[in-house]
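The values are calculated or read from the model by the stated rules, or taken from the named source; none is laboratory data. Not measured: the values here are computed from a predicted model. Positions of Cβ are backbone-derived with ideal geometry, glycine not excepted, and every protein chain shown enters the neighbour counts. Note: areas computed on protein heavy atoms with side chains; ligands, DNA, RNA excluded. Shrake-Rupley method; radii C 1.70, N 1.55, O 1.52, S 1.80 Å.
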Amino acid sequence: MLKHTLGYPRMGARRQLKKACEDYWQRRIGRQELFVTAQRLQEEQWRLQEAAGMDLIPCNDFSFYDHVLDTTLLVGAIPDRYAPVVTDLPQNTEADLAFAMARGYQEHGLDLTAMEMTKWFDTNYHYIVPEFRANQQFRLFSNKVFNAFDAARHMLNATPKPVLVGPVSYLLLGKEKDPGFHRLELLPRLLPVYIEALQRLHNMGAKWVQLDEPFLATDLPAGAADAYRYAYTEIAKHCKGLRTMVTTYFEGLRDNMSLATSLGVCCLHVDLVRDPGQLGDLLPMLPEKLSLSLGVVDGRNIWKNDYGRSLGLIRQAVDTLGEDRVMIAPSCSLLHTPTDLELETALDEELRSWMAFARQKLQEVAELEQVFHGDTGLWEKNNAAIAARAASSRIHKPSVKARTAAITERDAQRTSAFPQRQSLQQQRFRLPMYPTTTIGSFPQTTDIRSLRAAFKKGNLTAEQYDAALESATREAIRLQEDIGLDVLVHGEFERNDMVEYFGEKLEGFAFTQHGWVQSYGSRCVKPPVIYGDVSRERDMTVRWSEFAQSCTALPMKGMLTGPVTILQWSFVRDDQPRSETAAQIALAIRDEVVALEAAGIGIIQIDEPAIREGLPIRCADREAYLGWAVSAFRVSASGVKDETQIHTHMCYSDFNDIIRHIAAMDADVITIETSRSQMELLEAFADYRYPNEIGPGVYDIHSPRVPGTAEMEALLLKAAEYLPARNIWVNPDCGLKTRKWPETEAALRNMVSAAKAVRAGV
Ligand code: GLN
Ligand code: ZN
């Protein structure tokens, strides 16, 4: 039974790669230093995996920025605009070219835009989207995979396994930049380059290669099945003797099972964490020469593996296939887990004993084999840990469970329908037409950040910290009044992050010190861990909203993060359905909403930017998800009187396929990101006759550019072509925390002028 991994975290336990890249970009270090750091990290990652007993060790999974971008370099699909950077090679190295493509390039009088970036399936990892032209040519361009294999081969006794994004998934991940063709049509041109690379690896001594084909776990677009058959027949024909492993993950194979098992490869990897049930269907279908790699250790979460459960799956596979045809692995690349639990000195022993990060997951893969071969000591130890977690009183709060079990339709419903609420709210707030507001945060200046850092370090007392936050809040309110905004916000100066802030105040959450996961390039996120039943034992935001309201006679919006977003941006417990955890968080937020209302806050915003991110990979699962997600939002929003106005905010730009569900959230006001699409995405709202109020963002907060009054006025007039004027709010696209004050103030002044101009014209 071979043990292997599909990939390992790149950053290093202390995010060394992040620091090295950023230092290099800022010219604080030279190329040599960057390369040495990268080399050291790779070697350390290989060594760790070898020491843990992995038989096949991935290489080329490491990347300075992104492995999909590396594949684009491998096959020479470099968009023409980067030609000057290419001409500069070897002046510029391949890494410089990759950085230029990922981040844009403004040097030597050039100004090249970056390539697009998008989410890697349902993870928070973002990849660089390949760009394809109708006349796209491919050629073997980058030597990275060969260099990586060479380095690994010289260092390791174990077998290095070069990893590539498979050819069909690679094409599907990209985007056509010309009309009139489909990217899969490029396969006959792409495949020779893959075959050349595979043959070269084989000649260099590679025994195994891993080709990642995650699309086999999705609903395949037309033509993809044929593309798969064609690609892998060609590869088998031209790479005899090279053992090929095709990996799938993030979902089960479902209707692609017979396709995946008939590709003629040597080994197929499946995700048995997401879909353990597929094993039973798969086993009788496997052709005689196909081995199966069992993804039994969760590569997407931080929980300790349940050996009992994994062993059941391994036994089931071995019974049918024999040990020789079975491999053990994590479910997917460990890229999506934090690096090393050993560094977590602040977590208490009990919590730590429930967790495993990447390094510990290697151990688990190794131990599963030992346990399979009869090591009862390891088995009992794991059993005890799993049982202790299951029974811990820190996880299970009967009162919380009873409360979610008792949620009724009624709890997810405001007292009256929107038209009644709207007229009550109009009487109460007497807002003008086209009311103006902002999304919540104001600039998080270095002053504010150092304030928080000083307080965390203990260099500032709670009183001093509070006083400084109060004065920042007071100033922000004064400025909003001066600008002439209608509904104010307190500015969120007390918040580090919109999820962490709430997690720190709720029961059932834990925080790590080094639990970083790569999000894109050098950017990492450190998601909180939801380990137990979630409850709200104390007010979370009331103090700040109450203070802010006391500073002004204008309405002050309360500001909360919604249940789905809190869930989506955390590591979630795996011992109950996500929907149950969402319901628990929803009740906690509901209590806060009610407390804000009781404290005199009349308008409360519940942000849900991540609702769309939670969409399952398979279409068949979407309705179920949207059902419980929308319901969680509604539960959080429905504890208040009709006169209390509930806002929500979402910042992404495709509402077409979920407009029905957005409407079902029934927020009195929704603010959305629209400015970059010139209001065109309001079409979905107009077609649906979306009944509630909407604030389509009138300017893009991602850039320091100050939009002019006329420009925003025109956008508002355009919005009024789609929506009833009385339903339109005026606001930026998103929160302003990443902006600086001067541009923020100038843009908001222009925005208020634009609203006034449109009002005057009504
Ligand atoms: N209220 C939050 C803010 O303004 C919303 C952030 C978001 O949508 N991501 O920062
Ligand atoms: Zn936003």
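Observations
- Members of segment 303-327 found to be of a type in the set (Ser, Thr, Tyr) and within 26 Å of residue 288 (Cα to Cα), listed by number: 310, 320
- Selection count where residues are open to solvent by less than 40 Å² (accessible area, probe 1.4 Å) and either part of a helix (DSSP H, G or I) or free of Cβ contacts under 8 Å to residues at least 60 places away in the same chain (or both), scope segment 354-366: 8
- Only a single criterion out of (1) within 16 Å of ligand 1 (Cβ to nearest atom); (2) surrounded by fewer than 20 Cβ atoms within 10 Å (Cβ to Cβ); (3) assigned to a helix (DSSP H, G or I) is not satisfied by residue 477, namely (2).
- Of all residues in segment 504-526 being over 26 Å from residue 12 (Cα atoms) and open to solvent by less than 40 Å² (accessible area, probe 1.4 Å), the one that is nearest to ligand 2 (Cβ to nearest atom): 506
- Residue among 403, 430 that alone is of a type in the set (D, E, K, R) and under 30 Å from residue 480 (Cα atoms): 430
- Every residue from segment 445-470 that is outside any helix (DSSP H, G or I) and either more than 16 Å from ligand 1 (Cβ to nearest atom) or open to solvent by less than 20 Å² (accessible area, probe 1.4 Å) (or both): 458, 459, 460, 461
- For residue 434: the one exception among (1) surrounded by fewer than 19 Cβ atoms within 10 Å (Cβ to Cβ); (2) under 27 Å from residue 730 (Cα atoms); (3) more than 16 Å from ligand 1 (Cβ to nearest atom): (1)
- Yes/no for residue 529 being among the hydrophobic types (A, V, I, L, M, F, W, C) and surrounded by fewer than 18 Cβ atoms within 10 Å (Cβ to Cβ): no
- Candidates in segment 649-673 are the residues that are small (Gly, Ala, Ser) and modelled with pLDDT of 95 or more; of these, the one that is nearest to ligand 1 (Cβ to nearest atom) is 667.
- Residue 232 vs. criteria in a helix (DSSP H, G or I) and hydroxyl-bearing (Ser, Thr, Tyr): yes
- Hits in segment 245-264 - residues which are surrounded by fewer than 20 Cβ atoms within 10 Å (Cβ to Cβ), in contact (Cβ under 8 Å) with a residue 40 or more places away in the chain and more than 16 Å from residue 275 (Cα to Cα): 259
- Filter result for residue 661 (at negative phi and within 16 Å of ligand 2 (Cβ to nearest atom)): no
- When 698, 758 are checked against the criterion of being closer than 29 Å to residue 663 by Cβ, among the β-branched types (Val, Ile, Thr), open to solvent by less than 50 Å² (accessible area, probe 1.4 Å) and within 16 Å of ligand 2 (Cβ to nearest atom), 698 stands alone in meeting it.
- Residue match in segment 408-419 (condition: open to solvent by 40 Å² or more (accessible area, probe 1.4 Å), in contact (Cβ under 8 Å) with a residue 60 or more places away in the chain and among the acidic types (Asp, Glu)): yes
- Each residue in segment 612-658 was checked for being assigned to a helix (DSSP H, G or I), surrounded by 15 or more Cβ atoms within 10 Å (Cβ to Cβ) and not basic (Lys, Arg), and 14 of them qualify.
- Screening residue 593 on (1) under 16 Å from residue 632 (Cβ atoms); (2) in contact with a helix residue (DSSP H, G or I) (Cβ under 7 Å, 6 or more places away or on another chain); (3) open to solvent by less than 10 Å² (accessible area, probe 1.4 Å); (4) touching a residue at least 60 places away in the same chain (Cβ under 8 Å) shows it passes everything except condition (4).
- From the options 762, 730, residue that is modelled with pLDDT of 95 or more and of a type in the set (Val, Ile, Thr): 730
- Filter pass, residue 191 being free of Cβ contacts under 8 Å to residues at least 60 places away in the same chain, touching an Asp or Glu at 6+ places or on another chain (Cβ under 6 Å) and either under 23 Å from residue 134 (Cα atoms) or surrounded by 17 or more Cβ atoms within 10 Å (Cβ to Cβ) (or both): yes
- Scanning segment 547-568 for residues that are of a type in the set (Gly, Ala, Ser) and surrounded by 19 or more Cβ atoms within 10 Å (Cβ to Cβ), we see that the one that is farthest from residue 430 (Cα to Cα) is 562.
- Residue that is surrounded by the most Cβ atoms within 10 Å (Cβ to Cβ), among those in segment 705-740 that are away from ligand 2 (no atom under 16 Å from the Cβ) and assigned to a loop (DSSP other than H, G, I, E, B): 707
- Residues in segment 541-576 that are more than 14 Å from ligand 1 (Cβ to nearest atom) and part of a loop (DSSP other than H, G, I, E, B): 551, 552, 553, 554, 555, 570, 572, 573, 574, 575, 576.
- Some residue of segment 152-168 being surrounded by fewer than 20 Cβ atoms within 10 Å (Cβ to Cβ), touching a strand residue (DSSP E or B) at 6+ places or on another chain (Cβ under 7 Å) and in a helix (DSSP H, G or I): yes
- Among the residues making up segment 672-704, those that are closer than 25 Å to residue 419 by Cβ and part of a helix (DSSP H, G or I) are 682, 683, 684, 685, 686, 687.
- Among residues of segment 600-611, those that are open to solvent by less than 10 Å² (accessible area, probe 1.4 Å) and away from ligand 1 (no atom under 16 Å from the Cβ), counted: 1
- Residues of segment 292-313 satisfying the condition of being surrounded by fewer than 23 Cβ atoms within 10 Å (Cβ to Cβ) and closer than 19 Å to residue 266 by Cα: 292
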